[in-house]
Structures are given as C-alpha cells and as structure tokens.
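Laboratory data are not the source of any read-out in this text; all were calculated from the coordinates shown. Quick caveat, the model's predicted, so the values are computed rather than measured. Here the Cβ positions follow ideal geometry from the backbone for every residue, glycine too, while neighbour counts run over all protein chains shown.
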Amino acid sequence: MTLKTKRNTSCSSSPLALIAAATAAVWLLSVPAAAQQQTRAVPTFAVDPSWPKVPDKYKLGDISSIAIDAQDNAYVLHRPRTLKPEDAASAAPAVVVFDPAGNFIKAWGGAGAGYEWPEREHGIYIDHKGFAWIGGNQCPTSGTAGLKLVADDQLVKFTLDGKFVLQIGKSNQSKGDGDTANVHRAADAWMLPRTNEIFVADGYGNHRVIVFDADTGAFKRTWGAFGKPPGGKDNCAIARLTEFAPGDGLPDFNVAHSIRVSNDGMVYLADRENRRVQMFTSDGTFVKQLRHVADPFAANLAFSPDQAQEFLYVGGGKAITIVDRKTLDILGRVQTEKQLGGGHHIATDSKGNLYIAQTAAGMQRLLFKGMSGAAVR
C-alpha cells in the first residue's frame, strides 16, 4: 500500500504541531525510500464476493449509505426513484436490511403519515439506542426527473422496523445557516451517547455542524469550519474545486458530507469538496485538520471498532485512507483488488469489516483480514 508524501497533505493545529509537521516533511525528503517504511500495523481487507444476497423480487437504485446495528445487521439506504422506468415496479423500499451473512431480513421506508420522507435519500445512521436517522439532499432546482421541487430540510428518526419516532425540521423550510429549527440537505448524522445529542453534517445546502437533543429535537449549538460561525453560499449545484491554494484552505465548509463522534467526544467532519477532515471537541472548538488535495478525499468517515477507535477511515476517489484518529497522521490505504472505490458513505461492523456505499456503482463489504505493518507514508 502506498500514499503520497506529506508534501501533498497538510495537518493544521498549534504552532508546535506545524513545526513538527514541517520537520517530518524534511525528514521524509532526506532519507531513502526504504527507510520511510512504517512498522506500525494497519488493517488489511479483501472483497467479500458473496455479500449481500438481494432477493430476486427487488431492484435497488443508487446505494447512498449503509449503517450497522448492534447485531451487525446492515441497513442499506438506496434511492428507489433512480431506477429505470422498466424496473420501478420492482423497487425495494428505501431501507433494505441484511444479516451478518448477507441474507435479506426485511425492507421498509418511504412516504407515510405524520412525517416527511426525504425526496432524495442520502444518509442513514443507527444510534446506540437502536433508532435509525435518515436525511436527504434534494435541491428544488436540481431538475431531477420524478422528484418534487422541494429541499430536504428535515432529519427523520425511526425504529429499526420503520416506525416513525421524530422529525427535526420541515421540508423546504430552511432559512439558511442561521436557522436552528431546520437542516438544509443534511448529509450525515452521529450520536454522542453520554450527552444524548445528535450531531448533523449539514450539509449540501448549509455549511455547518448542528447539534440537537436526540429525544426532543431541541437545538443545542452549531458551528462552521475551524469552529467559526457557519457561513457560505447555498448552491444547488456542487461547487467543485479544480485548484487548491496552499495552507488551510477555504474559510467555510464545501459539502459537509460525513460526521463521526468518537467515544471520547471528538467530532470529525469530512469537508468533501475542500478535501479535508476537521477535528473538533464536542462543544465545537477546532482542534486540527487533515487536508489532502492531490486527489479526491474526505467523502466519508468511519471508525475502527476497538474501544479506543484507533483508526479513522477516510474514503474518497479510488481508495480509503487509514488515519490515526488522534493525531490525524496518514498510516496507509485500503485499495484492494475489485474494490468499488473510496465510497460515497462507509461503515464498519464489530468485526472490523468495512462496508462501501458507492451510489451508482453499488455496494460492497470488505472483510477484515488482520493487521500488517507494511504501510508507507
């Protein structure tokens, strides 16, 4: 496994950390390549060709996100409305559930009484209490055929059998980054059990992390890039960057696409189009960032399943990067034979297996095969 050197990766933090990073970069340039080998073990993976087993009666649209419950069942969120017209009658409900062996268990989701189902399904997350949180990223001016001309400005909570529990925000009601009642095309969510708070990567329309009480939906706090007040332009079309200036990058999030909150309360936000991961305390204080602009980076995040959550997986482009969660140092890369790529969203189960949702390309499980020390910086 190989990665580009730190010349293509920047990690922003305190002045001491910047000095250390600069020293490390000089060291990497001054020693032979063989001496740059890391002895630290990193996870290795192989594609599971038998996962999952989709029933013949069902067709799945674009696979947007996958969440894993406490029993290692996989909840796959797909977009039924992306199916071709001739396949629409066979569309599975939006949430399709598989057991650890990949066998189909059940399916649920879609419009119902008392809540607003997202028009364009985007992210699914299962919290420690066994509730599923689902958001969408439909834009009213996207022109996507077959979708309502509304913005997905809500986050919806269900039991794992699809019974409605709670809705935060309302469809097409966002008033922008300062709105504390609605999200705006939210991409992902994650819960911190000890505070009972749901942290939202908000998202495609807004440019922030926003936090709510997980039981009531009451607003708690919000912040933007570098822990500053959120701000930025609301674009329906994604503002893809083709040039990246040196340094820390732009002052605002550009598609806050994935979020994870660690057991020790650190918050990680994948700022996809800015190709960086930013790290915060749970109150929104900026700690540091990992910026890698050489190729697509920071589309998604996942933790290794050990109690310390030693590794942070960062997907993007053709690979998933293995990062030290606490230092944000790059340790290696997951890019195995027949791997779908870096994923749109990714997840891990209790055994360390990786799950990839790759929208139009489908879905995949990578089996954890043990640890290897052959990582190159």
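If only the Cβ of Lys and Arg carry +1 and only the Cβ of Asp and Glu carry -1, the dipole of segment 159-219 around its Cα centre is close to 120 debye.
About the centre of its Cα atoms, the chain shows a dipole size close to 680 debye [charges on the beta carbon of Lys, Arg (+1) and Asp, Glu (-1) only; nearest 20 debye]. GNM on the chain, alpha-carbon springs under 10 angstrom: the most fluctuating residue among 242, 141, 281 is 242.
Once both labels are positioned 7 Å from their Cα atoms along Cα-to-Cβ, the gap between residue 326 and residue 105 label points is 3.4 nm. Taking each DSSP H run with n ≥ 4 as -39500 (n - 2.57) and averaging over every residue of the chain yields -1500 deg cm²/dmol at 222 nm. Here the simple spin-label model places points 7 Å from the Cα toward Cβ, and for residue 50 and residue 144 these points are separated by 3.5 nm. The Cα atoms of segment 288-337 give a gyration tensor whose axes a ≥ b ≥ c have a/c of 1.5 or more with a/b no greater than b/c, which makes the shape oblate. Taking a spot 7 Å from the Cα of residue 307 along the direction of its beta carbon, which residues of segment 261-280 have an amide N less than 16 Å from it? 263-265, by backbone N distance to the label point. Once C-alpha pairs closer than 8 Å and six or more residues apart are averaged by separation and normalised to the residue number of the chain, the relative contact order reads 18 percent. Enter the angle in degrees (range 0 to 90, nearest 10) between the Cα long axis of helix 15-30 and the first principal axis of the Cα atoms of the chain, meaning the one along which they spread out most. Long axis of 15-30 versus the principal axis of the chain: about 70 degrees.
Report the calculated FRET efficiency for residue 228 and residue 361 (r = Cβ-Cβ distance, R0 = 30 Å), to the nearest 0.05.
For residue 228 and residue 361, the calculated efficiency is 0.25.
Fewest-first ordering of 142, 262 by other beta carbons within 10 Å of each residue's beta carbon gives 142, 262.
Can you work out the FRET efficiency for the pair residue 281 and residue 58, with r the C-beta to C-beta distance and R0 = 51 Å, to the nearest 0.05? About 0.75, to the nearest 0.05.
Dipole magnitude for segment 44-83: about 280 debye, using +1 per Lys or Arg Cβ and -1 per Asp or Glu Cβ, origin at the Cα centre.
Here each label is just a point 7 Å from Cα along the line to Cβ, and for residue 241 and residue 218 those points are 3.8 nm apart. With a cut-off of 12 Å between beta carbons, the residues surrounding residue 283 carry a summed charge of +1, where Lys and Arg count +1 and Asp and Glu -1. Just checking the listed ones, 218, 245, 74: in the Gaussian network model of the chain with Cα springs under 10 Å, the one fluctuating most is 245.
Here r is the Cβ-Cβ distance between residue 165 and residue 295 and R0 is 51 Å; the resulting FRET efficiency, rounded to 0.05, is 0.80.
Please say if segment 240-323 is rounded, prolate or oblate, where rounded means a/c under 1.5 for a ≥ b ≥ c the square roots of the C-alpha gyration tensor eigenvalues, and otherwise the choice is prolate for a/b larger than b/c and oblate otherwise? Since a/c reaches 1.5 but b/c is at least a/b, the shape of segment 240-323 is classed as oblate. Mean-square fluctuations from a GNM of the chain, with a 10 angstrom spring cutoff on Cα atoms, peak among 279, 266, 363 at 266.
Taking a sphere under 11 Å around the Cβ of residue 121 and counting the other residues whose Cβ falls inside, with K and R at +1 and D and E at -1, yields a net charge of 0. Taking the fewest neighbouring Cβ atoms within 10 Å as the starting point, the ordered list for 287, 261 is 287, 261. Using a/c under 1.5 as the rounded threshold, could you call segment 76-197 rounded, prolate or oblate? The axes a ≥ b ≥ c are square roots of the C-alpha gyration tensor eigenvalues, and prolate needs a/b larger than b/c, oblate otherwise. Oblate, since a/c reaches 1.5 and b/c is not below a/b.
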